[in-house]
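Student: Here's a structure for you.
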Amino acid sequence: MQTLKDRPFALIGVNVGGNAKNLKDVMTKEDVTWRTFADMGDAGQGAIAARWNLTSTPTLYVLDARGVIRHKWLGAPGAEALDAALETLIREAEADSEKAPK
Amino acid sequence: MRRVFAGPVILALSWSLLSAEVGGQDGPATPAEQYKALVKESQSRYDAAQKEAFKSVPKGGVLPDDERTALVGLAYRSKYEQAPKLVGLAERYPRDPVALDALTEAVWQVNTTPYPVEMVGRDPARPKAFELLRRDHIGSEKLGPLCERISYGFGAEYEPFLRDVLEKNPHKEVRAQACLALAHFLGNRSLKLDLVLGDPKQAREFADLYGEEYLERLRRQDRVKAAEEAEALLVRAMRDYGGDVKLPDGETVAEKAEPELFGLRHLAVGKTAPDIEGQDQDGVRFKLSDYRGKVVLIDFWSEV
């Protein structure tokens, strides 16, 4: 992730079935360092998870720089598959921003 | 980034149906008694294995992840090992009401995410079980929950079975459930295939569990067409069963189908993601669309 620091990329979490009050504690415990939506819901599902038809965690989406869903994994993809997918899209975004007038 | 890969899997183990007493021991056991005995045997085998697994855990302690995973594997394994006996019972008494219960029980354990075959064992009874379900029970009014259950799975037998129920079952509520289940199954299977395509290890696990040939056929399938059929099935479910058919959980077909349709139309690859607005861990409001211009990886995670 370090290598992505200066590139057009963001990792956003959605904490599912948690309780926003202790989210920071949970994130410390789970070693989650990235910005995360608190999706409250005592019954195991908050409004975000419900809208996104979440069935299990982890579920991952990759959006391109225009906000279009380019990959979706109901489960953990292999590290290689994920890295390759991100690298391709980040390069695409970098190429686009170079083309755009400054 | 490791956290993403070590994520937990939510898996509902449903053992609650399985408390049964063995009947009287005089004379030959009736089919119902034999069924109860088999179910009881499954339960006690699982209980014993679970007790063994928890032995090393102090009271009130938490089971480490890998041990918990092994426990889930154990649940599958003991079910898979019992399944042929249940199928045998259903084959001996095809007209007894217990036959359908036995077949349902035999295929109830749906391997939603591929636990490796070395861990969970094979599921040798599945093809025969679905052969009997289609031959002897396709018109049953009790097939709804089974349709729903298998829609989360991947097995090759599920699709022809759901199509058969949708076409041949005389009960409207069952057809409605088969229609929803088939839509869900087709969409879900495509998504699971994405995991397979990206990861050789998972490809191996899927092939071991569900057959190389089946996987190869799916690799070649027309993804766009599958998505279109799933959408058409949901539209059909809304039109034919929408407001007036209530499902066992009290929801109408429309209430079930609408979020699924939303998913196909807005949460599929190629669609613009819906915006998310909410609070972060510090209580600061923000939006997903704040990150437009960047590639965004969204990680839905939960506490282990």
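The values are calculated or read from the model by the stated rules, or taken from the named source; none is laboratory data. Fair warning: this is a prediction, and the values are worked out from it, not measured in the lab. All Cβ positions, glycine included, derive from the backbone under ideal geometry; neighbour counts span all protein chains shown. Protein only, heavy atoms only, side chains kept; ligands, DNA and RNA dropped before computing areas. Shrake-Rupley method; radii C 1.70, N 1.55, O 1.52, S 1.80 Å.
Student: On a 0 to 90° scale, report how tilted helix B:253-266 is relative to the longest principal axis of chain B, with both axes built from alpha carbons and the result rounded to the nearest 10.
Tutor: Relative to chain B, helix B:253-266 is tipped by roughly 40 degrees.
Student: Could you tell me which of the pairs A:Lys24/B:Lys51; B:Lys55/B:Lys256; B:Lys128/B:Lys225; B:Lys79/B:Lys142 are separated by over 32 angstrom between their Cα atoms in the structure shown?
Tutor: Check vs 32 Å cut-off fails for A:Lys24/B:Lys51; B:Lys55/B:Lys256.
Student: Could you give the length gained on full extension between B:Glu258 and B:Lys201, defined as 0.36 nm per residue of separation minus the Cα-Cα distance, in nm? Intermediate results must be reported in sequence, preceding the final value.
Tutor: Numbers: separation 57, 0.36 × 57 = 20.52 nm, distance 3.49 nm.
Working it through step by step, the gained length comes to 17.0 nm.
Student: To the nearest 10 degrees, how steep is helix A:79-99 against the longest Cα principal axis of chain A, on a 0 to 90 scale?
Tutor: 50
Student: For a Förster distance of 41 Å, can you work out the FRET efficiency between the beta-carbons of B:Ala49 and A:Asp96, rounded to the nearest 0.05? Write out the running numbers ahead of the final one.
Tutor: Values: r = 55 Å, r/R0 = 1.34.
For R0 = 41 Å, the calculated efficiency reads 0.15.
Student: Note the full-extension length gain between B:Lys40 and B:Lys287 as 0.36 nm times their separation in residues minus their Cα-Cα distance, in nm to one decimal.
Tutor: Working: separation 247, 0.36 × 247 = 88.92 nm, distance 5.18 nm.
Using 0.36 nm per residue and subtracting the Cα-Cα distance, I get 83.7 nm.
Student: Taking every pair of distinct Cα atoms and averaging 1/r, then inverting, what Kirkwood hydrodynamic radius in Å comes out for chain B?
Tutor: On the way: mean 1/r = 0.0461 Å⁻¹.
Answer for chain B: a Kirkwood hydrodynamic radius of 21.7 Å.
Student: Of all the accessible heavy-atom surface of the range B:139-262, with the other protein chains kept in place and a 1.4 Å probe, what percent is carbon and sulfur? Provide the component values of the computation, followed by the final result.
Tutor: Values: 2770 of 5550 Å².
Looking at the range B:139-262 in its full context, I get 50 percent from C and S.
Student: On to the next question. If you take all C-alpha pairs in chain A, what percent of them are over 18 Å apart? Mind dumping the intermediate values first?
Tutor: Details: 2917 of 5151 pairs.
The answer is 57 percent, as a whole percent.
Student: In addition: Between the range B:125-201 and the range A:29-102, how far is it from one alpha carbon centroid to the other, in angstrom?
Tutor: About 30 Å separates the Cα centre of the range B:125-201 from the one of the range A:29-102.
Student: Where in the range B:68-176 are there trypsin sites (Lys or Arg not before Pro) that are in a DSSP coil and have at most 10 other Cβ atoms within 10 angstrom of their Cβ?
Tutor: Values: sites: B:Arg68, B:Arg77, B:Lys79, B:Lys85, B:Arg92, B:Arg95, B:Arg122, B:Lys128, B:Arg134, B:Arg135, B:Lys142, B:Arg149, B:Arg163, B:Lys168, B:Lys172, B:Arg175; in loops: B:Arg95, B:Arg122, B:Lys142.
Answer by residue number: B:Arg95.
Student: What would the Debye equation give as log₁₀ I(q)/I(0) for the protein assembly as shown at q = 0.06, 0.12 Å⁻¹, counting only Cα atoms as equal point scatterers?
Tutor: For the protein assembly as shown at q = 0.06, 0.12 Å⁻¹, log10 I(q)/I(0) is -0.28, -1.07.
Student: Run a plain Debye calculation on the range A:59-102 (Cα atoms as equal point scatterers, no solvent) and give log10 I(q)/I(0) at q = 0.22, 0.34 Å⁻¹, rounded to two decimals, same order as the q list.
Tutor: -0.74, -1.21
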